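The values are calculated or read from the model by the stated rules, or taken from the named source; none is laboratory data. For clarity, every value in this text was computed on a predicted model and none was experimentally measured. In this analysis, Cβ positions are derived from the backbone assuming ideal geometry, glycine residues included, and neighbour counts consider all displayed protein chains. These area figures cover heavy atoms from the full protein model, side chains too; ligands, DNA and RNA do not enter into them. Shrake-Rupley method; radii C 1.70, N 1.55, O 1.52, S 1.80 Å.
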Amino acid sequence: MNIREEKDLFSRRHIGPRQTEIDEMLSELGLSSLEELIDRAVPDNIRTPTSLNLGGPLSEHELLAEARRLAEMNQTFRAFIGMGYSETITPPVIQRNILENPGWYTQYTPYQAEIAQGRLEALLNFQTMVIDLTGMEIANASLLDEGTAAAEAMGLSLAASRRKGNMRYFVSEHCHPQTIDVIKTRARARNIEVTVGDHEKVDLSAGYFGALLQYPASDGAIINYLKFCQLARAEGVLVTVAADLLALALLSPPGEWGADVVVGNTQRFGVPLVYGGPHAAYFATREEFSRLIPGRIVGVSRDSQGEPALRLALQTREQHIRRDRATSNICTAQVLLAIMASMYAVFHGPDGIRRIARNVFRHTRALIEGIDRLGLSVTTKLVFDTIKVRVPDQKEVIERSSEKRMNLRIYEDGDVGISLGEPANSKDVEDLLLVLSGKASLDFSLDDLYETADFDIPSGLQRTSPFMEHPVFHSYHSETELLRYIHRLQQGDLSLTTSMIPLGSCTMKLNATAEMIPITWSKFADIHPFAPTEQAKGYQLLFRELEGMLGEITGMSAVSLQPNAGSQGEYAGLMAIRAYHQSRGQGHRNICLIPTSAHGTNPASAVMAGMKVVSVQCDEDGNIDVEDLRSKAETHQEELAAIMVTYPSTHGVFEESILTICEIVHQHGGQVYMDGANMNALVGICRPGEFGVDVCHLNLHKTFCIPHGGGGPGVGPIAVAEHLSDFLPGHFLFEN
């Protein structure tokens, strides 16, 4: 007997229009079916001849069961690794009413201020929090991650440098290694020479335009950078400080001792680790650099009735005006996560933030006191939450920590690192001391440690200035008060709880509840990005399956999930093309053809990837002028690196000349980069890899329904043809 179940499939439940409504729309267009619509819209010569091999569809129940199976393959150890990521506590009122609330995670980007007043106020709170804690004059509404923010600060420093011709950038060896890696990659494309070294020994007069410091240092040290900043100011060198925002509740803020830019991560303000993100970075600087700041800035204005109103005061949509002269390709933010961080600050207020910081500091000082009594040593005792410990046998310590389900940082020199977060307590201190000592019990009491430990911060490094004095940070400290504030702001926004969102190509197609539920499961949410990979087997399998599915959908050979936004996907794709040309002894190929109709991030990304932009004209209908393309390709055939083409185009058309466009570029030695922002229109109909595309990025928030949250998070993975697969981005911790 052949028994077939009729499942309550996801598509039946969530594809909005019913068949009668589809028929009504088709009738209005004079069409008989969706197939006829596709036949009319999509050129026949690029239609894929086969159906996608993605397996059978699942019901929501089956989908969640599969997600649970993957989650159970992960292991959650206590995360004491640090490196810019800390354990935190997400207040339940924020988790339930922001992260799990479609009134917050389904909003569109806030370009239309009149339907975005709620999230704009939350972002204004974020900016105010950052300005106050860093001691700077202006901040944006978040960036993608700390490494990217540091790279953007290098770009700002270069653009603002008064000593033109200098192409050297100094990076302190005390910075987080992943940040150093991002800086080196960004610098290489722009021919910037990066020096990584000791900030006390560098000669800043030797052609440097900027410098990056870490505060506290990656190994935990609290360093007084005042003298360095004074020397830098005298030499015209702009100083960026990557700072721990929670530490700034106790430590003197960089704005008070000479920093020009301050960047960092707000993850420890209530945003779970989730194996590395996304998390909202911050970017603060001085007022004089307001026109160079990347991302968006929310400002207070007046509406037509003279009432206070919020709007985007500055944003790098200036790319659409300046294009290849834009200073950044960032066109988005991490709005949903920034809102969580801002609500964390609103909920706790300045006194609560100080209390959390003091608790972390107190447990760290007690841990150092205990390490002294064990006869071990730390590299420095002047720290906030992180220590580097010299141990006799690193391997044995790591084995003991694993037995207690704790992850420590492993240093190449044999030391171990320990970093405490908000949930840390005296029991953690005891367990860590037992791990370090190898003993079954301690020879001293914990109470004695806390009574004798040194809890003083030197006066020159101690914060004396107030922060977060605005009434919003003093008004909503009970759950009920914050709940009402969150819902009052929510009512000022347009989201899927209100209506469909018919705005632009960035519109989320769906944020189904079933897709959001696994995000807050502990076995997905509480894993440190640098935890051993054997503890994240579920994540690793999920990644491989997603890469395979995206490869099948695009018709490409390899996929990288690393780029964390469409803009970063563009950059990574162009860098892969650049590396491919260099591998063939054609590193001189640096011309990127870009249609005048392209999204503004395209030319900005090309310049950041070290390419020169040559514009290709469009006809009166907005389509690429093939003859102008042919002429430009012939003129620049010796230097042609790539073309960036959006498909379907920015005005929603499947240009019939796409095969010819790809052929022309390939004939003249270039590669075809496809901006996949509109991939939702191609899925199952045609595959870029089959009509000549060499690399494309995908905006997962547009095609595959991850939360957009009013402008981010976004994810921009890239898919490449086989000959580019060796040039996909990697990570220094996972090279093997």
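Between R373 and E200, what's the calculated FRET efficiency when r is the beta-carbon distance and R0 is 25 Å? Round to 0.05.
Plugging the Cβ-Cβ distance into 1/(1 + (r/R0)^6) gives 0.20.
Which cross-chain or sequence-distant (5 or more) residues have an amide H under 5 Å from the amide H of A558, H modelled 1.01 Å from N in plane?
V720
Mind listing which chymotrypsin sites (Phe, Trp or Tyr not before Pro) in segment 202-257 are in a DSSP loop and have 11 or fewer other Cβ atoms within 10 Å?
Hits after loop and neighbour filter: nothing returned.
What number comes out for the charge environment of K381, summing +1 per Lys or Arg and -1 per Asp or Glu over other residues with Cβ under 9 Å away?
Spelling it out: positives minus negatives among the neighbours equals -1.
Give me a comma-separated list of calculated 3J(HN,Hα) values for segment 629-637, in order, Karplus coefficients 6.51, -1.76, 1.60 applied at θ = phi - 60°, integers in Hz, x for any Gly or Pro.
Each residue of segment 629-637 in turn: 4, 4, 5, 5, 5, 5, 4, 10, 4 Hz.
Long-range amide H contacts for R311: which residues qualify at under 5 Å (H placed 1.01 Å from N, peptide plane, sequence gap of 5 or more or a different chain)?
Under 5 Å from the amide H of R311 lie the amide H atoms of G299, S301, each far enough along the sequence or on another chain.
Given K184/K612; K164/K227; K381/K523; K388/K439; K184/K395, which pairs have Cα atoms separated by over 27 Å?
Distance filter (> 27 Å) returns K381/K523; K184/K395.
Ranked highest first by average number of other Cβ atoms within 10 Å, how do 663-672, 347-356, 130-139, 625-634 line up?
Most protected by this proxy first, the peptides run 130-139, 663-672, 347-356, 625-634.
With a Cα-only, solvent-free Debye model of segment 281-397, what are the log10 I(q)/I(0) values at q = 0.16, 0.20, 0.22 Å⁻¹?
-0.94, -1.12, -1.22
Apply the Karplus parameterisation 6.51 cos²θ - 1.76 cosθ + 1.60, with θ equal to phi minus 60°, to every residue of segment 574-590 and state each ³J(HN,Hα) to the nearest whole Hz, in sequence, with x for glycine and proline.
With coefficients 6.51, -1.76 and 1.60, one gets 5, 5, 5, 4, 4, 5, 4, 4, 5, 5, 9, x, 10, x, 6, 6, 9 Hz.
Just checking my list [x] 30; [y] 35; [z] 41 against percent of Cα pairs over 42 Å apart computed from this structure; which label fits?
[x]
Highest mean first, how do 298-304, 608-614, 383-389, 582-588 rank when packing is the count of other Cβ atoms within 10 Å averaged over residues?
383-389, 608-614, 298-304, 582-588
Subtracting the Cα-Cα distance from 0.36 nm times the residue separation, let me have the gained length for H723 to E638 in nm, one decimal.
28.6 nm
Assign unit charges at the C-beta atoms only (+1 for Lys and Arg, -1 for Asp and Glu), then state the dipole size of the chain relative to its Cα centre in Debye, rounded to the nearest 20.
1220 debye
Could you work out the relative contact order of the chain? I mean the mean sequence separation of Cα pairs under 8 Å and 6+ apart, divided by the number of residues, in percent.
About 20 percent, as a whole number.
In whole Hz, with x marking every Gly and Pro, tabulate ³J(HN,Hα) for segment 342-347 from phi via Karplus 6.51 cos²θ - 1.76 cosθ + 1.60, θ = phi - 60°.
Once θ is set to phi - 60°, the couplings for segment 342-347 become 5, 5, 4, 5, 4, 5 Hz.
Please name whichever of H701, L34, S437 sits farthest to the positive end of the charge dipole of the chain, dipole taken about the Cα centre and charges placed at Cβ: Lys and Arg +1, Asp and Glu -1.
S437
Please arrange E570, E87 by accessible surface area, largest first, computed with a 1.4 Å probe and ligands excluded.
Descending order: E87, E570.
Whole Å is fine, so just give me how far the alpha carbon centre of segment 269-289 lies from that of segment 81-117.
12 Å
Rounded to the nearest 0.05, what FRET efficiency do R69 and Y411 have when you use their Cβ-Cβ distance and R0 = 25 Å?
0.10
Please report, in whole Å³, the volume per residue of the convex hull around the C-alpha atoms of segment 568-678.
Given the Cα convex hull of segment 568-678, per-residue volume reads 83 Å³.
Helix 226-235: angle to the longest alpha-carbon principal axis of the chain, degrees 0 to 90, nearest 10?
50 degrees
Ranking request for peptides 708-716, 272-280: highest mean number of other beta-carbon atoms within 10 Å first, then the rest in descending order.
The peptides rank, most packed first, as 708-716, 272-280.
Find the relative contact order for segment 459-563 and round it to a whole percent, using C-alpha pairs within less than 8 Å whose residues are 6+ positions apart.
Once divided by the residue count of segment 459-563, the mean separation gives 9 percent.
For segment 10-161, rounded, prolate or oblate, judged on the Cα gyration tensor with a ≥ b ≥ c (square roots of eigenvalues), a/c < 1.5 rounded, else prolate if a/b > b/c?
The shape class here is prolate.
Tell me, what is the percent relative contact order of segment 320-449, built from C-alpha pairs under 8 Å that lie six or more residues apart?
In percent, rounded to a whole number, it is 22.
Let me know the shape class of segment 497-621, please: from the alpha-carbon gyration tensor, a ≥ b ≥ c as square roots of the eigenvalues, rounded when a/c is under 1.5, otherwise prolate if a/b is greater than b/c, or oblate.
Oblate.
Along the Cα→Cβ direction, 7 angstrom out, place labels at L446 and E403. What is the inter-label distance in nm?
2.0 nm
Between H474 and S32, what length in nm is gained on full extension when 0.36 nm per residue of separation is reduced by their alpha carbon distance?
153.1 nm
Compute the length gained on full extension between A514 and R96: take 0.36 nm times their separation in residues and subtract their Cα-Cα distance, giving the result in nm to one decimal.
Result for the pair: 149.0 nm of gain on full extension.
Distance in nm between label sites at R302 and Q230, each 7 Å beyond Cα in the beta-carbon direction?
So the two model labels end up 4.5 nm from each other.
Please report the net charge: other residues with Cβ closer than 9 Å to the Cβ of E639, K and R +1, D and E -1.
That works out to +1.
For helix 537-554, report the angle its Cα long axis makes with the longest principal axis of the Cα atoms of the chain; keep it between 0 and 90° and round to the nearest 10°.
The angle comes out near 20 degrees.
If a/c stays under 1.5 just call it rounded; otherwise compare a/b with b/c (prolate if a/b is bigger, oblate if not). Do that for segment 229-352, with a ≥ b ≥ c from the square roots of the Cα gyration tensor eigenvalues.
rounded
Helix-only mean residue ellipticity at 222 nm, the chain, DSSP H runs n ≥ 4 weighted -39,500 (n - 2.57), per residue, nearest 500. What is it?
The helix contribution divided over the chain gives -10500 deg cm²/dmol.
How far is helix 479-490 tilted off the main Cα axis of the chain, in degrees rounded to 10, range 0 to 90?
Tilt of helix 479-490: around 30 degrees.
Over the alpha carbons of segment 116-241, what is the largest minus smallest coordinate on each principal axis, giving the biggest first in Å?
48, 32, 28
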